[in-house]
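> This is the structure I want to talk about, given as structure tokens.
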Amino acid sequence: MNGKYTRIRCGRLYDGVTEEWKNDQQILVEDDRIVAVGSSVPVPEGTGEIDLSAYQVTPGLIDAHMHMDFLDWHTIREEVYSTSEEAKTLAIAHCAKKALLRGFTTVRHVGGITSKGYGVLDVKRAIAAGYLEGARIVAAPLFLCSPGSHGDLSQGFSRNPELSALLQQQRTTLGNGKDFFVGAVREQIKYGSDFIKIMATGGFFTPNDTPVQQQLNDEELEAIIRTAHELGKTVTAHVYTPALMQKLIRFGIDGMEHGSLMDDETAAMFEEKGLYLVPTFSPYEEAVHYDPEALKDKQPEFRQKLELYKDALQAAREVICRSNIKLGYGTDFVANHQNYESGYEFMAWMNSGMDPFRALKAATRINAEILGLSDEIGSIEPGKVADISAWRRDIMHDPKALLDCAFVMKSGKTYETESCLA
């Protein structure tokens, strides 16, 4: 034993392996790795001590659905076209740092909302090399989409076709036809994308589309999934409707995002195939737990769609909660919280009657699997990277528990924390 050692004393420990709280546990960290866990661990000479006996301790949490490239959700529409790519890269770095200080040691960027470039990969590499402090990043820089779709934010200028067409050209993964998307997949992987993200249906946030539209045709969808798999990458999709979810399952997709209009038949298909779903509950809370006053804070088109689909969203939430789908934990905060305030999603899960252990498992072990990092992170056990968070509030009973981080360690290094409730 020749490294730098730290012993962490835990009050209660959720290790990400078993669904239980273990009392009076200790964790021995050597440099950036966990080397022992138990009621008693070896204590090499010179070992440092961290006392978390007053807190609940978990693996460092993971947010599997983030858009990191804006500074403030209140101004996100202006940031799409009024800020430079350099400013958007700074926003990504800001988000990564803020997420880390709130106990989320790893994040997954599922395509830029405002950015049309590859700054997220530069930030990812800078963090990995130690030049910047921030959560570990897994990223798809640009999502694949079609003209007028949920991914085409130039649709807001559709009454000015010349301007809209010019703005549309700036998004290089926006196009038509099987051959275009085969090339787009290859280019994304060439430039360093960790996975492929597609906008398969319309959405709630954009003005001129609906969440029930299929916005890539079957030939395009099949070509994207096949090409990505040929190159060793996974594919996920922004999707809402059962019909399209079932189609994507038949096409061999690896997992999906949202699924907010889920039905029992489709849930059974997810369960049978072992596919993951990152359900992003929080953006739809005002409709699922109907709150017309809170809905007034949404953008007009978002509010109108949530009102229109609220019954379907409520029914689907019940399906997802009672299912045995492999659920990941992700936020998709573009219209209700800052993108780094990932703990609010836990509140949505608790408000829907979800078992807190299922949420914890989603934000740790399951998300590590989704990100392809299960050999490295997602649990507190010997050999894993020392990503560890601690929380002041009772996770089993307090919906705000994951908003109030008391301690965070990433790769064996500790950071000062920030509370979302400050």
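Please treat every number below as a calculation from the coordinates, not as lab data. Computed from a predicted model, the values in this text were never measured in an experiment. Because the Cβ atoms are built from the backbone with ideal geometry, glycine has one as well, and the counts that use them run over all protein chains shown.
> Could you work out the percent of alpha carbon pairs in region 287-422 separated by over 22 Å, rounded to a whole number? It would help to have the intermediate numbers written out before the result.
Numbers: 4270 of 9180 pairs.
Summing the P(r) of region 287-422 above 22 Å gives 47 percent of all pairs.
> Quick one: Tyr290, Tyr55, Tyr276, fewest Cβ neighbours within 10 Å first, how do they rank? Write out the running numbers ahead of the final one.
Numbers: Tyr290 15, Tyr55 19, Tyr276 23.
Ordered by Cβ neighbours within 10 Å, fewest first: Tyr290, Tyr55, Tyr276.
> For region 226-243 and region 61-82, compute the distance between their C-alpha centroids and round to whole Å.
Comparing the Cα centres of region 226-243 and region 61-82, I get a distance of 23 Å.
> Check which residues have an amide H placed less than 5 Å from Arg33's amide H, if you skip close sequence neighbours.
Answer set, sorted by chain and number: Ala386.
> Moving to a separate point now. Any lysines with Cα under 23 Å of the Lys384 Cα? List them, leaving off those in the same chain fewer than 8 positions away.
Lys4, Lys22, Lys97, Lys124, Lys326, Lys361, Lys410, Lys413
> Take Glu79, Glu19 and order them by how many other Cβ atoms sit within 10 Å, fewest up front.
On the way: Glu79 20, Glu19 13.
Lowest to highest Cβ neighbour count: Glu19, Glu79.
> What is the helix-to-structure angle for 85-101, meaning the angle in degrees between its Cα long axis and the longest Cα principal axis of the chain, kept from 0 to 90 and rounded to the nearest 10?
40 degrees
> How tilted is helix 178-191 with respect to the longest principal axis of the chain? Cα atoms for both, answer in degrees (0 to 90, nearest 10).
In the chain, helix 178-191 runs at an angle near 30 degrees to the longest axis.
> Still on this structure: Once you keep just the Cα pairs under 8 angstrom separated by 6 or more residues, what percentage relative contact order results for region 193-285? It would help to have the intermediate numbers written out before the result.
Values: 135 pairs, mean separation 22.2, N = 93.
Contact order relative to length: 24 percent.
> In terms of modelled amide H atoms, which long-range or inter-chain residues lie less than 5 Å from the amide H of Cys405?
Here Cys420 satisfy the definition.
> Mind checking region 139-215 for chymotrypsin sites (Phe, Trp or Tyr not before Pro) that DSSP puts in a loop (not H, G, I, E or B) and that have at most 11 other Cβ atoms within 10 Å? All intermediate terms of the calculation are to be shown ahead of the outcome.
Working: sites: Phe143, Phe157, Phe180, Phe181, Tyr191, Phe195, Phe204, Phe205; in loops: Phe143, Phe195, Phe204, Phe205.
Passing sites in region 139-215 do not exist.
> Now, a different point. Per residue of the chain, what 222 nm ellipticity follows from adding -39500 (n - 2.57) for every DSSP H run with n ≥ 4, rounded to the nearest 500? Each step should come with its number before you reach the end.
On the way: 14 runs with 138 residues, N = 422.
Result for the chain: -9500 deg cm²/dmol, rounded to the nearest 500.
> Taking the square root of 5 times each eigenvalue of the Cα gyration tensor, what semi-axes in Å does the equivalent ellipsoid of region 1-116 have, largest first?
Details: eigenvalues 300, 50, 24 Å².
Output for region 1-116: semi-axes of 39, 16, 11 Å.
> Can I ask one more? For region 246-329, calculate the relative contact order in percent as a whole number, restricting contacts to Cα pairs under 8 Å that are 6 or more residues apart.
Working: 92 pairs, mean separation 36.3, N = 84.
Relative contact order comes out at 43 percent.
> If you line up the long axis of helix 264-273 against the longest principal axis of the chain, both from Cα atoms, how many degrees apart are they, to the nearest 10?
So the inclination is approximately 60 degrees.
> Moving on to the next point. Could you line up Ser193, Ser40 from fewest to most neighbouring Cβ atoms inside 10 Å?
Ser40, Ser193
> Short version: ³J(HN,Hα) in whole Hz for each residue of region 4-13, in order, from phi by Karplus 6.51 cos²θ - 1.76 cosθ + 1.60 (θ = phi - 60°), x for Gly and Pro, what are they?
For region 4-13, the Karplus curve yields 8, 10, 9, 9, 10, 9, 9, x, 10, 10 Hz.
> Continuing with the same structure: Treating only the Cβ atoms of Lys and Arg (+1) and Asp and Glu (-1) as charged, compute the dipole magnitude of the chain about its Cα centre; round to the nearest 20 debye. Provide the component values of the computation, followed by the final result.
Values: 44 positive and 60 negative charges, 97 e Å.
So the magnitude is around 460 debye.
> Just need the relative contact order of the chain here, percent rounded to a whole number, with Cα pairs under 8 Å and 6+ apart. Intermediate results must be reported in sequence, preceding the final value.
Working: 962 pairs, mean separation 84.3, N = 422.
That works out to 20 percent.
> In what sequence, highest mean first, do 124-131, 8-15, 61-68 appear when ranked by Cβ atoms within 10 angstrom? Write out the running numbers ahead of the final one.
Working: 124-131: 14.2, 8-15: 22.9, 61-68: 28.9.
The packing order, highest mean first, is 61-68, 8-15, 124-131.
> Moving on to the next point. What nm distance separates the two modelled labels at Tyr191 and Thr18, each placed 7 Å from Cα along Cα→Cβ?
4.7 nm
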